[in-house]
Each structure stands twice: as structure tokens, then as C-alpha cells.
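Notes follow once the structure below has been shown.
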Amino acid sequence: MNLRDTLTLSLQTVVSYRTRSLLIVLAMALGVAAVVVLTALGDGARRYVVGQFSSLGTNLVFVLPGRAETSGGFPGAALGQTPRDLTLEDARFIAHLPQVKRMAPLNVGVAELTSGGRLREVTVLGSTSELLPIRHMKLSQGSFLAHGSERSAQIVLGSTLAHEFFPDGEPVGQRIRLGDSRFLVSGVLAPQGESMGFNSDEIVIIPIDYAQELFNTNTLFRILVEARSRTDIEPAKAAIAHALKLRHDGEEDVTVITQDAILATFDRILRALTLGVAGIAAISLAVAGILVMNVMLVAVAQRTSEIGLLKALGAPAADIRRLFFAEALWLSLAGGAIGYALGNLSAWGIRLAYPTLPAWPPHWASLAGVATAILTGIIASLLPAARAARLDPVLALSGK
Amino acid sequence: MIRLTAITRVFRMGDQEVRALNGIDLDIASGEYVSIMGPSGSGKSTLLNVIGLLDQPNSGRYELDGSDVTDLSETERARVRREKIGFVFQSFHLVPRLTAAENIELPLMLEGIAPAERTARVDAALDAFDLKDRAHHRPAELSGGQRQRVAIARATILRPTALLADEPTGNLDHRIGTEVMELLEGLHHAGTTLIVVTHDRELGARAHRHIAMRDGEIVADEK
Ligand SMILES: Nc1ncnc2c1ncn2[C@@H]1O[C@H](COP(=O)(O)OP(=O)(O)OP(=O)(O)O)[C@@H](O)[C@H]1O
Ligand SMILES: [Mg+2]
């Protein structure tokens, strides 16, 4: 029997055993859909995190106080010394390094914002005018912290706060109280929404000196540094580390990380997660494979006399094997295709429901899902097909 | 031409041995019309299965159309069955999912004949067996006589040299059974060797050669 006839005849069989076929196809489809959807979620999460983190800025290098290394630790610790804090002077020194395009020192804290009888606790960022370009922030009104005027009491409001505190007025030029000091509103941030679990619509930004005064500190939370170019990132990182080591009496008591390194780590972790999730989903396909095998074994038992007839008509064992094989192939092809469609449909639904999550199934996962389904089907049909082909024609004809 | 020499077929059931065929010597010339009769369990079906290469004897020699087919491999036996043998069974053995036409088409498919030629030959067979208006019915929608006609059409579509019928009328009433026998005899007249196993004396008597079996042996062979 040629390939075309084998495929046609087995398709006819698959179609005529409707309930049985639907059940297998469903099991297969659910397995494939699970692979597609779960990897879409995993990869969507990865893209989301990476995207959000990239949008923080370009060519960024972060400077944090303290060593983040687990090995060795801070060498002075044994002598009872505490690591030196990061200061505004450190930040200003870094700004002059040739690989550094600009830098913004950062302090973060919480304070009460009051105006016209309204009161609200808000997150306060202390920084300089450079924060705006480094963080790719945008203003909807007014201007950002003026350059070189760190000692003037200006404040930039997040868009939600601007609406809340000045519901019908022009916030720019108005006065507002933060903690115990009065600030002049210089600008309002464009609405940005949540980013990295941080809602920039509900923050205020004040000059770094005021922030340090407000929080009664002379240390920094972070220094954000933008390297001159992509190729300057690593040199900038080395130069910063070197400069700060010199400034800190030879102690390596700060951590300098690049945005790329953090991105790469996120990317790696979330890719591994996606892969793991795909693996788990693939197990459901293996279960579907066992189902296919069982159903095919039952089919062989049910169709014993038919197999006997085919043998009596002169069908060689190979033809009979191929017929059952093709049957399993159809079932898993249908399961794979429907599962693929179902998975993509679900991923589309997820993207509709959560527009910020780019839940696109990765191509490798869809391919692997469908391929696994087909492979499982084929493997599962090997034993039943071989059993059918081996049947003794006389016994098979009598249905034994 | 069929030539069996000292054919033995032994079935083992636990420690019991059944000699279903016990040293059968039998020559059947091409174009003969033979009936095989005998009590239940005498080995008629087993003999037919051996002749049809469905079953293999434990010992003895089988020559079909001049060549030794005793020790052929399963694949070779399948090819000989396809090319030279047509089976007709008591219980018809139609594939329930397939229409009458598709059932008749099966051997052509197995033989790898092109679809266009298949359609033409199936149409001719449907015509010859008066099944034209039943072509697209499934077996469940056919009468017993029609089912057996489909089975005979299927058994003969590849023009086998020998047609082996194991109680072809066993599931049919007398009138329909006679019609089916007449159909088979028509094929015999066209040149096919016809071997019929039957319990029906009257039908058996219609053959030109009568073989009687008992306990796995041929006890009478009359022309
Ligand atoms: N597969 C088998 N296993 C064991 N014994 C078998 C098998 N097939 C046939 N036999 C035995 O061989 C003997 C001959 O069987 P066979 O079917 O050829 O008889 P038969 O003449 O066709 O009988 P009936 O008229 O009832 O169809 C019987 O005793 C039967 O029980
Ligand atoms: Mg019998």
C-alpha cells in the first residue's frame, strides 16, 4: 500500500472513531497548549523585566555603598572598621572621569507632602538635574531641577501627586510643603505608570542637598552613572571602582555594576525559568503519549478481525504497522495543530488582559511543543503497531 | 494448480495435541470446482487456511502454480495471497467503517494500483455483482446477501487463480445462499479454481469434485 492510501485510510479510521479520536486529540492539544502558554508567560515575564530595566536608561553603571561580594567580604571588617559610606564628594569626583558622560547621585526616603489641607506620605528622590536625562524621564509641565542650583528649594511632582494636590490649578510656581520645608514646584513628571514595582507617578524629586538635610544624612543611596558610549561601559566601571578605591584609602568598599550585567542576569534566570516551565508542560505531553498508546492498544484488540482480514487480503505486516502508525500520526498532528492554535489563542488572550506583559510564545517552544506531540504519538504507536502486525492471521480472523 | 504432499498441521492446547490435518495429499487442478465436507472439527477450515497460505503446516510440502510455497516468509506469503488467492468467509468480514465500494477497493489499494484505475475496476465489479445502487452504503446498511456479494467482489477484484470459500452461505437463508453459490459458480465458469467448504449437502453436491474429511484426513475424494 502506498503512502497516500495509508494516510487516507488511517485518516478515515481516525474520523470514524470520533469520540476516541477527540479524546486523544484533546489530551495532546492540552499538552501542547500548556507548553505554548506557559512559555509565553515565562518569556513574556523575561521580556517585560528586560524591557523595563532597559528603559531605565542607556549605558548605565550603578554605584552602591558596600561590597556585594559574598567571598572574602570587607577586609576591614576584621579590624572592627565599617565600610565607608558613599558621599556626594565621591559622586562629584566620578563625574570628572573621562568615560563618564553624566552622573546623578540618589537618595531615597519617605516624607509627608502637605498643601492646602491635603496631606500624604510620598517617596522622595533626592538628586540633581542630570537624573532627568540619565533616567529618560519626561516632564509634562514646567522644568526639572535647575542645573547647578542644588541649594534652591525646588520640587518636581509625579503626575498623580500633581493632580491630587493641585486638582484645578497650575502646579508649576506653587508652593508645597515637604517635611518641615517649603518647596517651589518647578515641574511635573509625565505620567509613566508602574516600572520595576515603582510608581514614578507618586514620587517627588528634590535637590540632593535638601534630601540629605530632610533625611538627616550625608551618605548616598546610589550613584547613577551614564557612560559615554556602549564601549565605555566596562572602562567606566573599572575607572569608577579604581577612583573610589583611591578615595576610600585603598578599600574596595563599594559595588559597581553595569546595567548590562544586571540585564544579563535577569535574562538568564528568566530564560531558565521558561525552560523549566516548558519542561513541566512537556510532561503532560508524555502523559498524553501514554494515553495514545493505551487507546491504540485497545484499537488493535478491537480491530483484531479486521487486521486478520487485511492479512487474508494480502496485506504484508509492514502495511498493517504503517496503518496504525499513520493513525497515531494523524492524532498527534491534529493534537499538535489544535494545541498550537489553542496555546496561541490563550497567549493572545493573556496579552489582551495584561497589555504590559508581552506574552508571545517563543518560536522554539511552539516548535518543540508540536514536535514533542508528534514524536510522543509516534513512539506511543510503535508497540501497538508492532503487535497488530505480528498477529496470526487465522486467529485474528476469528477475532481471537 | 494446488499440490499438497503429506501436509500435517498440529495444534497444541496445553499438553493436548490436535492433529487438525493429518498427512493430507491433495492435487487440485486449475479451474476445478471442489467442495469440502465433513463433520465439525474435521479440519476443513484448517485445510482451506493452509491452501490460502494463511496458516503454515508443521510438515509436508505445498506447491502452488508450480512453485514451492511451503517455506515462504510472511511477506512473500502475503504477496502470494494478494495475487493468487481470494477468500470468502461465512461472516463476510467487511470493514464496517468503509462503504461497499471502499471495501471492494481494499485489495487494489494493497496492490498499489493507481486511483483512476481503481475506480474503474470497482465500478465494473459493482456492476457485475449488481451492487451499483449500494456502492456508498456501509455494511450495516446492507442485507446478508448484499454483504456476501461485496465480499466476493472484493475477493475477486484482483482476479485470483483460486477462490476459497469457507461456508459462504452459512449466514444466509437457503434462497440467498443458492444465489451466492450461483455467483461463485459463475466465477468458476470464468476460469477460477473454486474450493468451497460447506455443511450443506445440496450445495456441496453442486461441485464437480467432492472431498470428505474426518479427523484431519481425507476419507473420500470423488469426481
Ligand atoms: N488455533 C487453534 N488452536 C487449537 N486448536 C485448533 C485451532 N484451530 C483449529 N483447531 C482444532 O483443529 C481441529 C480442526 O479445526 P477446523 O477449524 O479446521 O475444523 P472445521 O472442519 O472447519 O470445523 P467446523 O465445521 O466446525 O468449522 C479442531 O479440533 C479444532 O478444535
Ligand atoms: Mg470451519
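Each value in this text was obtained by applying a stated rule to the coordinates, not by laboratory testing. This structure is a prediction, so every number in the text was calculated from the model and none was measured. Positions of Cβ are generated from backbone atoms using ideal geometry, with glycine treated the same way; all protein chains shown enter the neighbour counts.
Here the dipole of chain B is about 300 debye; that uses its Cα centre as origin and unit charges on the Cβ of Lys and Arg (positive) and Asp and Glu (negative). In chain B, Cα pairs under 8 Å separated by at least six residues give a relative contact order of 30 percent. A full extension of the chain between A:A301 and A:T217 corresponds to an added length of 22.0 nm, given 0.36 nm per residue minus the alpha carbon distance.
The calculated FRET efficiency for the pair A:R230 and B:T75, based on their C-beta separation and a Förster distance of 56 Å, comes to about 0.25.
Entry for the protein assembly as shown at q = 0.07, 0.08 Å⁻¹: log10 I(q)/I(0) = -0.63, -0.71, Debye formula applied to identical alpha-carbon scatterers, no solvent contribution. Expressed as a whole percent, the proportion of Cα-Cα pairs in the range B:15-98 lying more than 23 Å apart is 29%. The C-alpha atoms of chain A define a longest principal axis, and helix A:3-16 lies at about 80 degrees to it. The length gained on full extension between A:F93 and A:L345, counted as 0.36 nm times the residue separation minus their Cα-Cα distance, comes to 85.3 nm. Its DSSP H runs of at least 4 residues, each contributing -39,500 (n - 2.57), put the calculated 222 nm mean residue ellipticity of chain A at -18000 deg cm²/dmol, to the nearest 500. Distance between the 7 Å Cα→Cβ label points at A:A241 and B:N171: 8.5 nm.
Net charge of the neighbourhood of A:R271, taken over other residues with C-beta under 14 Å away and scored Lys/Arg +1, Asp/Glu -1, is +1.
Bridgeable lysines around A:K311 (alpha carbons under 22 Å apart, same-chain partners fewer than 8 residues away excluded): A:K400, B:K44, B:K84.
Calculated from the alpha-carbon coordinates, the range A:84-252 shows an Rg and a Dmax of 16.8, 55 Å respectively. Cα convex hull, chain B: 130 Å³ per residue, rounded to a whole number.
Look at the alpha carbon pairs under 8 Å that are at least 6 residues apart: their mean separation over the length of the range A:164-220 gives a relative contact order of 19 percent.
Partners of A:K237 within straight-line reach, counting lysines whose Cα lies under 30 Å from its Cα and excluding those fewer than 8 residues away in the same chain: A:K101, A:K138, A:K245.
Placing dummy labels 7 Å off each Cα toward the beta-carbon, the span from B:D25 to A:T255 is 10.1 nm. Ranked by how many other Cβ atoms sit within 10 Å of their own Cβ, fewest first, the residues B:L21, A:L345 fall in the order A:L345, B:L21. With all pairs of separate Cα atoms included, the range A:257-398 yields a Kirkwood hydrodynamic radius of 17.8 Å. Applying 0.36 nm per residue to the separation of A:R120 and A:A272 and subtracting their alpha-carbon distance, the gain on full extension is 50.6 nm.
For the range A:355-400, the Kirkwood estimate of the hydrodynamic radius, built from every pair of different alpha carbons, is 14.0 Å.
Across peptide A:306-312, the mean count of Cβ atoms from other chains lying within 10 Å of each residue's own Cβ comes to 6.
Taking Cα atoms only, the orientation of helix A:259-302 departs from the longest principal axis of chain A by about 20 degrees. The angle between the Cα long axis of helix A:317-353 and the main principal axis of chain A comes to about 30°, on a 0 to 90 degree scale.
Computed over the range A:84-252, relative contact order equals 33 percent, with contacts defined as Cα pairs under 8 Å that lie 6+ residues apart. Taking label positions 7 Å along the Cα-Cβ direction at both A:L263 and A:L23, the computed distance is 5.2 nm, reported to one decimal.
Highest-first packing order for the peptide set B:99-107, A:170-178, A:129-137, B:59-67 is B:99-107, A:129-137, A:170-178, B:59-67, based on the mean count of other beta carbon atoms within 10 Å.
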